[in-house]
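Here's the structure we're looking at; comments come further down.
What follows is calculated from the coordinates using simple rules that are stated; it is not laboratory data. This one's a predicted model, so the numbers in the text were calculated from it and none came from an experiment. Positions of Cβ are backbone-derived with ideal geometry, glycine not excepted, and every protein chain shown enters the neighbour counts.
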Amino acid sequence: MALVLSLLINLIMAIALASYARKANLLSGINGDLRLDLANITEQSELKTSRIKTLESEIQALTQKRLPGLISLNLDEVIKVDKQYVKNIVFTRTGKKGAHLYEYKVVLENHEAALQPALKVLLFDRSGVQVGMSTLSHRTEQGGVSRLDQDEVRTHYSAVQLPRRSEPEYFQIILL
């Protein structure tokens, strides 16, 4: 009786081990397939990311070739301009969700004789279409720009309201 019981227990353990080995083998195969799928997806993603970057740089080159002097607009980043008395500018998206209002801060620095600063900030979309404009001069309604003395540095803020669904990607500063 003990021998039969021992054989029965051994048989059950052998069946359990065989079942476990079969499941481990199946899971190993599934794991290999998933790793292969992940590798393929990663490779496709890298290829598509590379293609997107190439296309974006081609669009940028074509836009800037058509409209020389455009500068890439990066939000919340100090963009060095160094165009006569315009030192740098920072753009920030403001307002409630869905609002197309862009505020900018321009730093003016004069190393020459006193002058009356006047400039336009033009905003362009991806294809080079002008989507917004702001003017800073002594005649601006929102607190005009006063005289800029020699060796003076001053900051001015203003905002640009854009039409719906317009996203600026470039800007240009025109001194008046």
**Study point:** Folded to 0 to 90 degrees: helix 2-66 orientation relative to the chain principal axis, Cα
**Key:** 20 degrees
**Study point:** Rg to Rh, two decimals, where the chain supplies the alpha carbon set and Rh follows Kirkwood
**Key:** 1.51
Review point. Semi-axes, largest first, in whole Å: what does sqrt of 5 times each Cα gyration tensor eigenvalue give for segment 1-66?
Key: 63, 5, 4
Revision key, fill the gap. Rounded to two decimals, the Debye log10 I(q)/I(0) of segment 71-175 (Cα scatterers, no solvent) at q = 0.13, 0.15, 0.21 Å⁻¹ is -0.46, -0.60, -1.11
Check your understanding: In whole angstrom, and with the biggest value first, how far do the Cα coordinates of segment 72-129 range along each principal axis?
Key -> 44, 25, 19
Check your understanding: Given H placed 1.01 Å from N in the peptide plane, which residues other than close sequence neighbours of MET133 have an amide H under 5 Å from its amide H?
Key -> LEU123
**Study point:** Additional length obtainable on full extension of the chain from LEU38 to THR54, 0.36 nm per residue less Cα span
**Key:** 3.3 nm
Revision key, fill the gap. For LYS23, counting only aspartates and glutamates whose alpha-carbon sits under 19 Å away and dropping same-chain residues fewer than eight positions off, the answer is ASP33
Study note, to complete from the structure: Between the modelled labels at THR135 and TYR20 (7 Å from Cα along Cα→Cβ) the distance in nm is 8.4 nm
Exercise for review: Pairs of Cα atoms under 8 Å, at least six residues apart: use those to get the relative contact order of segment 71-175, whole percent.
Suggested key: 31 percent
Exercise for review: Sum up the lysine pairs in segment 32-176 that clear both bars: alpha-carbon distance under 17 Å and a spacing of 8 or more or different chains.
Suggested key: 7
